[in-house]
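Just below is one structure, and these are the notes that go with it.
The values are calculated or read from the model by the stated rules, or taken from the named source; none is laboratory data. Worth saying up front: this structure is predicted, and the values here are computed from it rather than measured. All Cβ positions, glycine included, derive from the backbone under ideal geometry; neighbour counts span all protein chains shown.
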């Protein structure tokens with residue numbers, strides 16, 4: 001039986017930048033008694049253009065940092081990091097509750113009426129063997145059109161969620177998907193839920209938007225419950241770190257997290 005201290009220990013969450021805050025919000029909503037730690041590796045964003053070896057190294061570094069701060073579970077709130085690094089972390093920490101991200105191909109394939117599913121994602125996610133395996137497994141009966149979105153993560157990192165430049169960039173990404181009859185759109189990067197309002201304004205109402213943040217929160221809840229590690233509360237104040245200039249993340253936190261908070265520099 002775990003001690004109260006281990007139940008009250010925090011959940012550690014990391015991403016290539018601030019995108020994983022979309023997942024953190026879902027965890028906070030479902031598990032309000034849990035204390036949370038969040039690392040934005042914004043000094044190396046976006047991961048989509050980095051090598052798998054580099055991303056695996058960052059995953060190890062960030063996991064070690066969060067575990068050193070007492071994390072009882074880890075969430076890789078980044079599709080590209082999950083593709084590159086989750087298997088190795090599971091080998092290194094076999095007893096640790098560990099949850100990664102993957103694009104929501106299965107629910108999208110079930111939801112589409114037209115039989116055409118679009119995927120907005122980073123280059124790294126779309127090129128991965130894991131993504132190809134997801135398509136093989138769940139999308140054999142539907143047509144999946146992928147759209148890499150270079151530059152979009154950087155705009156979201158800067159808090160530019162609805163400006164003219166972001167709108168123009170996004171319009172260029174969704175137009176080809178609409179032209180090919182897509183009626184269901186997968187948000188294949190944790191940054192993208194933050195531009196849902198802008199995306200909605202560019203799409204017909206009939207288009208379904210699917211992301212996996214809520215499903216990840218449910219998986220965290222399930223793994224903690226299995227191990228009798230759910231916290232009774234009250235939650236501690238969420239702690240944030242960034243590998244870039246902390247001030248930059250501090251400025252966008254009210255917009256993306258819903259409240260101001262102190263951000264520390266990742267050592």
Just the residues that are surrounded by fewer than 17 Cβ atoms within 10 Å (Cβ to Cβ) and either more than 18 Å from residue 114 (Cα to Cα) or not assigned by TED's automatic domain parsing to the domain that holds residue 115 (or both), please, taken from segment 131-157. 132, 133, 136, 137, 150, 151, 154
Would you confirm whether or not segment 52-68 contains a residue that is in contact with a helix residue (DSSP H, G or I) (Cβ under 6 Å, 6 or more places away or on another chain), within 20 Å of residue 153 (Cα to Cα), outside the structural domain of residue 127 (by TED's automatic domain parsing) and part of a loop (DSSP other than H, G, I, E, B)? no
Of the candidates 244, 248, the one satisfying the condition of being in the same structural domain as residue 41 (by TED's automatic domain parsing), in contact (Cβ under 8 Å) with a residue 60 or more places away in the chain, more than 16 Å from residue 37 (Cα to Cα) and part of a loop (DSSP other than H, G, I, E, B) is 244
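Residues that are assigned to a strand (DSSP E or B) and not assigned by TED's automatic domain parsing to the domain that holds residue 248: does segment 190-206 have at least one?
no
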Of all residues being at pLDDT below 95 and assigned to a helix (DSSP H, G or I) in segment 37-51, which is surrounded by the fewest Cβ atoms within 10 Å (Cβ to Cβ)? Just the residue, please. 49
Among the residues in segment 158-172, are any buried (at least 21 other Cβ atoms within 10 Å of the Cβ) and touching a strand residue (DSSP E or B) at 6+ places or on another chain (Cβ under 8 Å)? no
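Considering segment 135-154 alone, what residues qualify as being over 22 Å from residue 196 (Cα atoms) and either assigned to a loop (DSSP other than H, G, I, E, B) or touching a strand residue (DSSP E or B) at 6+ places or on another chain (Cβ under 9 Å) (or both)?
135, 139, 140, 141, 142, 143 - these are the residues of segment 135-154 that are over 22 Å from residue 196 (Cα atoms) and either assigned to a loop (DSSP other than H, G, I, E, B) or touching a strand residue (DSSP E or B) at 6+ places or on another chain (Cβ under 9 Å) (or both).
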Out of (1) farther than 14 Å from residue 243 by Cα; (2) crowded, with 16+ Cβ neighbours inside 10 Å; (3) at pLDDT 95 or above, the odd one out for residue 65 is which? (1)
Checklist (1) under 27 Å from residue 74 (Cβ atoms); (2) in contact (Cβ under 8 Å) with a residue 40 or more places away in the chain; (3) out of contact with any strand residue (DSSP E or B) (no Cβ under 7 Å at 6 or more places or on another chain) applied to residue 132, failing item: (2)
State whether one or more residues within segment 72-90 are in contact with a strand residue (DSSP E or B) (Cβ under 6 Å, 6 or more places away or on another chain), within 21 Å of residue 120 (Cβ to Cβ), in contact (Cβ under 8 Å) with a residue 40 or more places away in the chain and in a helix (DSSP H, G or I). yes
